[in-house]
Every structure is written in C-alpha cells, then in structure tokens.
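Worksheet: the structure to be examined is printed underneath.
Just so it is clear, none of the values below were taken in a lab; they were calculated from the coordinates. For clarity, every value in this text was computed on a predicted model and none was experimentally measured. All Cβ positions, glycine included, derive from the backbone under ideal geometry; neighbour counts span all protein chains shown.
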Amino acid sequence: MHVRRDDLVQVMAGADRGKVGRVLRSIPEESRIVVEGVNLRWKHLRKGPKNPQGGRVQREYPIPVARVLLRCEKCGRGRRARARLEGERKLRVCTKCGGEVGGK
Ligand SMILES: [Zn+2]
C-alpha cells in the first residue's frame, strides 16, 4: 500500500475523481482504503429502540487504493512519490517537483 492512515490523498479515477481527503482507514487485505468525503453512500437505519424513527446517514465506503495518489500541494494535484532521506527521517516527495506530499 502506497498510502497509510491520515495521509492526504487525491482521487485520480472513478466517480469521485478530483476529490481530496484524509485516509480514514486502510484495508490492506482488499487493497482498499476509506477516504474522508469520498464514495459517500446513504446507509439506512432500521427503526429500533435507539432510532424510533429509523433514518438514513451518509458514510464513506472503501475504494481501491490504486485510485488515489498522495496530494502534492505545490503541484496542486495527486502525484507519485519517492522516498528521500533527510538525516534520520524518511520524507516522501513528489516525483515532479520534489515537494513533500501526503500532508501532515
Ligand atoms: Zn509536486
């Protein structure tokens, strides 16, 4: 997986192409991730003691990790990244402009 939880990513393909959000959850077994505000679907709630009226809420569903790239703020889009060593720290930088990607 080229991204992990809390990374800032941009969706590069599919219905939500162009959207930017944080990775909320990573599901390596399925090569899928859940991204904040991406692939929202209505979930319908059954009537019950907690929800006497029932109801529906929007929530994110997993998308293939291959649809996203780490967001590069300098380029203003998703970009592939390479690792760069800076002392002890391993930075992930944009392959085009060398800026740091993925957000903080
Ligand atoms: Zn860049």
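Below is a table of values for the structure above.
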{"item": "Highest-MSF residue in the chain out of Lys90, Lys74, Lys50 [GNM, Cα springs under 10 Å]", "result": "Lys50"}
{"item": "Local electrostatic count, Lys43, Cβ distance below 11 Å [Lys/Arg +1, Asp/Glu -1]", "result": "+3"}
{"item": "Formal net charge of residues neighbouring Ala83 (Cβ-Cβ distance under 9 Å; K, R +1; D, E -1)", "result": "+4"}
{"item": "Test item: Cα-centred dipole of the range 26-103, Lys/Arg +1 and Asp/Glu -1 on Cβ, debye", "result": "280 debye"}
{"item": "Cα pair distances exceeding 24 angstrom across the chain, given as percent", "result": "33 percent"}
{"item": "Hits among lysines - C-alpha to C-alpha of Lys74 under 22 Å, sequence gap 8 or more where chains match", "result": "Lys19, Lys90, Lys96, Lys104"}
{"item": "Part-to-part distance (alpha-carbon centres) for the range 78-104 and the range 14-38, which is given in Å", "result": "20 Å"}
